[in-house]
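A.B. asks: Once you've had a glance at the structure underneath, I'll fire off some questions.
The values are calculated or read from the model by the stated rules, or taken from the named source; none is laboratory data. Keep in mind the model is a prediction, meaning the values are calculated, not measured. Positions of Cβ are backbone-derived with ideal geometry, glycine not excepted, and every protein chain shown enters the neighbour counts.
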Amino acid sequence: MTLIYASTNDDDELSIIEKAIETIKRADRIVTYGGDTFDLAFISGRAEVYAKRLAIGESYDIKKSISPLKRLLPSGSLSLYSLLEEMGLADPSVPDGKTLVTLYKTFIKTGSDRYIDPVNKHSIFKLTGIMNLLTLIDCLGINRASVSIEEMASDENSLRVKGKTDILSPIRLCFRLPGIELSFIGKEFYAVFELCDEKLRMYFPDPASYVRLRSDGSLIPKELASSLDKSSYEKVTKESCFSLADIPKDKKQLESYIRSLEKM
């Protein structure tokens, strides 16, 4: 649901401020993009002009939370418009800021909906953009994170790992391969590896470079199969390009393997 507060009276700021305060008051949590330093601060400042107080409960500013992810983004920019453009979700029909001001001033003078409709569309674009941004974060591969294992536990069916990472993830990010799940939340990461006969699936990043022998199921480099009969081996996919190995006893080895999975 999108709420837009507008008035045809340029002097009627108070009623809009009061409606905004009422809506915000009902919310348990306010999610914004840059709201802590701009939007909410602006509304609060304007409310004080009318001796009104903006009471904010829990505030979650996405822009502030994803700041550590900046190094993962192609443009290195945390602008909402840049991020949506990188996602292929930019809308060229949405006016830029300067055009927006001109349209609104024209609407005040004429009262014509043809001038206010693009302004409303711009507001909706920004609101839905925040939701699309969460999708962007969810789709990001954390391929530059440093992981440090703190806990390891295993039984005959699975190996469970918990540790710290230097990337702050505001929402849970999950990366899955068959039998493997990596998840990141806050500055922690979790990994669950299904075991096969108490062996770990060790995935390789380039399936096109390997084939699997039909005789014993072993994975070998494609170059080594060039002298073999084609019926003796089969191609592998990203999901099947793995070999079975003992669980690494050295945490550093397992940390290195987890980092390689993040790049896949």
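A.B. asks: If you check every pair at least six apart or on different chains, which have Cβ atoms under 6 Å apart with a residue in region 198-222 that is part of a loop (DSSP other than H, G, I, E, B) first and a residue that is surrounded by 12 or more Cβ atoms within 10 Å (Cβ to Cβ) and among the hydrophobic types (A, V, I, L, M, F, W, C) second?
C.D. replies: If the second residue must be surrounded by 12 or more Cβ atoms within 10 Å (Cβ to Cβ) and among the hydrophobic types (A, V, I, L, M, F, W, C), the pairs left are PHE204/CYS241; PRO205/MET264.
Residue by residue, here is whether (1) assigned to a helix (DSSP H, G or I); (2) at pLDDT 75 or above; (3) more than 25 Å from GLY35 (Cβ to Cβ); (4) of a type outside the set (A, V, I, L, M) holds:
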{"residue": "ASN132", "(1), (2), (3), (4)": "yes, no, no, yes"}
{"residue": "ARG160", "(1), (2), (3), (4)": "no, yes, yes, yes"}
{"residue": "LYS164", "(1), (2), (3), (4)": "no, yes, yes, yes"}
{"residue": "PHE184", "(1), (2), (3), (4)": "no, yes, no, yes"}
{"residue": "LYS187", "(1), (2), (3), (4)": "no, yes, no, yes"}
{"residue": "TYR190", "(1), (2), (3), (4)": "no, yes, yes, yes"}
{"residue": "PHE193", "(1), (2), (3), (4)": "no, yes, yes, yes"}
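A.B. asks: Which pairs have Cβ atoms under 9 Å, sit 6 or more apart or on different chains, and link a residue in region 105-120 that is not assigned by TED's automatic domain parsing to the domain that holds ASP11 to one that is outside any helix (DSSP H, G or I) and surrounded by 14 or more Cβ atoms within 10 Å (Cβ to Cβ)?
C.D. replies: Listed by first residue and then by second, the contacts come to PRO118/VAL94; PRO118/PRO95; VAL119/PRO95.
A.B. asks: Among the residues of region 17-38, write down those that are under 33 Å from the mean Cα position of the chain (by Cα), of a type outside the set (Gly, Ala, Ser) and assigned to a helix (DSSP H, G or I).
C.D. replies: Of everything in region 17-38, those that are under 33 Å from the mean Cα position of the chain (by Cα), of a type outside the set (Gly, Ala, Ser) and assigned to a helix (DSSP H, G or I) turn out to be ILE17, LYS19, ILE21, GLU22, THR23, ILE24, LYS25, ARG26.
A.B. asks: LEU254: of a type in the set (A, V, I, L, M, F, W, C) and modelled with pLDDT of 90 or more, yes or no?
C.D. replies: Against the criterion (of a type in the set (A, V, I, L, M, F, W, C) and modelled with pLDDT of 90 or more), LEU254 does not qualify.
A.B. asks: Kindly indicate the residue of region 231-251 that is at pLDDT 90 or above and in a helix (DSSP H, G or I) and also surrounded by the most Cβ atoms within 10 Å (Cβ to Cβ) among those meeting that condition.
C.D. replies: Selected residue: SER232.
A.B. asks: Being modelled with pLDDT under 90, in contact with a strand residue (DSSP E or B) (Cβ under 6 Å, 6 or more places away or on another chain) and surrounded by 12 or more Cβ atoms within 10 Å (Cβ to Cβ) is true for just one of ILE171, ILE180. Which residue is that?
C.D. replies: ILE180
A.B. asks: Among the residues of region 39-68 satisfying the criterion of being over 18 Å from LYS25 (Cβ atoms) and part of a helix (DSSP H, G or I), which is modelled with the lowest pLDDT?
C.D. replies: Top of the filtered list is PRO68.
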